[in-house]
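Notes to accompany the following structure.
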């Protein structure tokens with residue numbers, strides 16, 4: 001991978017990291033701002049609980065993405081970015097443009113998904 005590509009993906013990852021951190025902070029603020037004492041009846045209480053549950057689920061997903069972004073940034077520093085962790089071939093630029101924190105090339109990702117699906121049967 002060319003140095004200009006590495007720089008492009010590093011900037012892309014840093015921008016996404018900033019957005020994810022803002023999302024996590026915003027969700028945490030929303031959860032803090034929800035006041036259960038504002039619930040006037042069971043429907044209000046249920047809505048607050050549902051919103052809290054959704055907020056927490058989104059926070060988990062965003063935290064997972066943040067971890068993956070930070071992992072990809074460390075791989076850039078270690079000069080292993082863009083290398084599939086399974087077959088050790090280069091991950092295509094097109095795949096990295098879609099998912100800059102991808103750990104696997106598309107073929108290996110499909111193998112992992114198929115294996116996961118077989119285990120769940």
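The values are calculated or read from the model by the stated rules, or taken from the named source; none is laboratory data. If you're wondering where the values come from, they're calculated on a predicted model, not measured in any experiment. Backbone-built Cβ (ideal geometry, glycine too); neighbour counts: all protein chains shown.
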Inset, instruction - Kindly check whether there is at least one residue in the stretch 82-94 that is out of contact with any strand residue (DSSP E or B) (no Cβ under 7 Å at 6 or more places or on another chain), part of a helix (DSSP H, G or I), in contact (Cβ under 8 Å) with a residue 24 or more places away in the chain and surrounded by 12 or more Cβ atoms within 10 Å (Cβ to Cβ). - result: yes
Inset, instruction - For the stretch 100-110, state whether one or more residues are outside any loop (DSSP other than H, G, I, E, B), surrounded by 12 or more Cβ atoms within 10 Å (Cβ to Cβ) and in contact with a helix residue (DSSP H, G or I) (Cβ under 8 Å, 6 or more places away or on another chain). - result: yes
Inset, instruction - For the stretch 1-16, state whether one or more residues are touching a strand residue (DSSP E or B) at 6+ places or on another chain (Cβ under 8 Å), within 21 Å of residue 98 (Cβ to Cβ) and either modelled with pLDDT of 80 or more or surrounded by 14 or more Cβ atoms within 10 Å (Cβ to Cβ) (or both). - result: yes
Legend entry - Members of the stretch 47-78 found to be within 14 Å of residue 101 (Cα to Cα) and surrounded by 15 or more Cβ atoms within 10 Å (Cβ to Cβ), listed by number: 62, 65, 66, 68, 69, 72, 73, 75, 76
Legend entry - Qualifying position, being at pLDDT below 90 and within 19 Å of the chain's Cα centre (by Cα), among 61, 56: 56
Legend entry - Residue count, the stretch 17-33 (criterion: crowded, with 16+ Cβ neighbours inside 10 Å and either free of Cβ contacts under 8 Å to residues at least 40 places away in the same chain or on the phi > 0 side of the Ramachandran plot (or both)): 2
Inset, instruction - Exactly one condition in (1) part of a helix (DSSP H, G or I); (2) over 20 Å from the mean Cα position of the chain (by Cα); (3) modelled with pLDDT of 95 or more is not met by residue 67; state its number. - result: (2)
